[in-house]
1. What's the total number of residues in region 105-129 that are in contact with a Cys (Cβ under 6 Å, 6 or more places away or on another chain) and aliphatic (A, V, I, L, M)?
2. Of all residues in region 154-174 being touching a residue at least 12 places away in the same chain (Cβ under 8 Å) and in contact with a strand residue (DSSP E or B) (Cβ under 7 Å, 6 or more places away or on another chain), which is farthest from the ligand (Cβ to nearest atom)?
3. Spot the failing condition for residue 43; the list is (1) in a strand (DSSP E or B); (2) more than 15 Å from residue 116 (Cβ to Cβ); (3) small (Gly, Ala, Ser), and only one is missed.
4. Can you name every residue in region 55-87 that is among the basic types (Lys, Arg) and at pLDDT 85 or above?
5. Take the residues in region 24-75 that are charged (D, E, K, R) and more than 26 Å from residue 99 (Cα to Cα); name whichever of them is surrounded by the fewest Cβ atoms within 10 Å (Cβ to Cβ).
6. Are any of the residues in region 123-141 within 16 Å of the ligand (Cβ to nearest atom) and either within 30 Å of residue 7 (Cα to Cα) or free of Cβ contacts under 8 Å to residues at least 60 places away in the same chain (or both)?
7. Taking region 70-119 only, how many residues are touching a residue at least 40 places away in the same chain (Cβ under 8 Å) and touching a Ser or Thr at 6+ places or on another chain (Cβ under 8 Å)?
Amino acid sequence: MFRRIRTLLCLLSLILCLATGWFWWRSYGWYTIVTYGKSNGEAVTFFHDMGGLYVGTQTKFRGSTHNRAAVEGWSAHNFRNDLPLSFFEADVDAVPQRWKPVRVLSGFNTDYKIWFIVVPHWFLMLLLGIWPAIRGWRWICRRKRFDAGCCRVCGYDLCATPGRCPECGHTPAGGSIQS
Ligand SMILES: [Zn+2]
């Protein structure tokens, strides 16, 4: 039961890892942004852009009519980006530093100030992919041992006792039925 749950979680991790990879590729051409704006001009924002996932706030200065400062309530946008910098990096003159696994992007211009935590897609992929990779590698190793006539669990040579491992008690699939 637990084994099955672990396998499912591992598979989910792999799927999320691949999905992040797809979003990574996509983030170099498109902004995808979801925002919740409050009446005081502050907005909580999530977006991904130029290889990074951003979570944070943007606060519109009083009197600003800048279209990038969020409107009240929920809003979501998806539009093309042709700049070499991300949405807010360009606006506040930030140095990207995309090699950092976690960074804070903060600054302001005449219309608003921002504060974001930035996690690059590559780092998220690494986190999500490490477990499936280890499991996959182990599976290949077990497979190799099994093909070589050894116990899949402990690697003991099963030439003399193909039905059951004398070392750990593991019974290869079909082994005990045939013998
Ligand atoms: Zn064994």
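The values are calculated or read from the model by the stated rules, or taken from the named source; none is laboratory data. Bear in mind that the values here come from a model prediction, so they are computed numbers and not experimental data. All Cβ positions, even for glycine, are placed from backbone atoms using ideal geometry, and neighbour counts span all protein chains on display.
1. Within region 105-129, the subset in contact with a Cys (Cβ under 6 Å, 6 or more places away or on another chain) is 125, 128-129.
With the extra rule that they be aliphatic (A, V, I, L, M), the set shrinks to 125, 128.
Residues meeting the conditions: 2.
2. Let us first name the residues in region 154-174 that are touching a residue at least 12 places away in the same chain (Cβ under 8 Å), namely 154, 156, 158, 162-165, 167-168, 170, 172.
Applying the additional criterion that residues be in contact with a strand residue (DSSP E or B) (Cβ under 7 Å, 6 or more places away or on another chain) yields 156, 158.
On the way: 156: 5, 158: 8 Å.
Looking at residues that are touching a residue at least 12 places away in the same chain (Cβ under 8 Å) and in contact with a strand residue (DSSP E or B) (Cβ under 7 Å, 6 or more places away or on another chain), I get 158.
3. Evaluating residue 43 over (1) in a strand (DSSP E or B); (2) more than 15 Å from residue 116 (Cβ to Cβ); (3) small (Gly, Ala, Ser) leaves (2) as the failure.
4. The first filter runs over region 55-87 and keeps only residues among the basic types (Lys, Arg), leaving 60, 62, 68, 80.
Passing the criteria: 60, 80.
5. Initial filter on region 24-75 (charged (D, E, K, R)): 26, 38, 42, 49, 60, 62, 68, 72.
When the remaining residues are screened for being more than 26 Å from residue 99 (Cα to Cα), the result is 38, 42, 60, 62, 68, 72.
Details: 38: 13, 42: 17, 60: 20, 62: 6, 68: 16, 72: 12.
If we take residues in region 24-75 being charged (D, E, K, R) and more than 26 Å from residue 99 (Cα to Cα), then 62 is surrounded by the fewest Cβ atoms within 10 Å (Cβ to Cβ).
6. The initial filter retains those residues of region 123-141 that are within 16 Å of the ligand (Cβ to nearest atom), namely 138, 141.
Checking which are either within 30 Å of residue 7 (Cα to Cα) or free of Cβ contacts under 8 Å to residues at least 60 places away in the same chain (or both) leaves us with 138, 141.
Yes, region 123-141 contains at least one residue that is within 16 Å of the ligand (Cβ to nearest atom) and either within 30 Å of residue 7 (Cα to Cα) or free of Cβ contacts under 8 Å to residues at least 60 places away in the same chain (or both).
7. Within region 70-119, residues that are touching a residue at least 40 places away in the same chain (Cβ under 8 Å) and touching a Ser or Thr at 6+ places or on another chain (Cβ under 8 Å) number 13.
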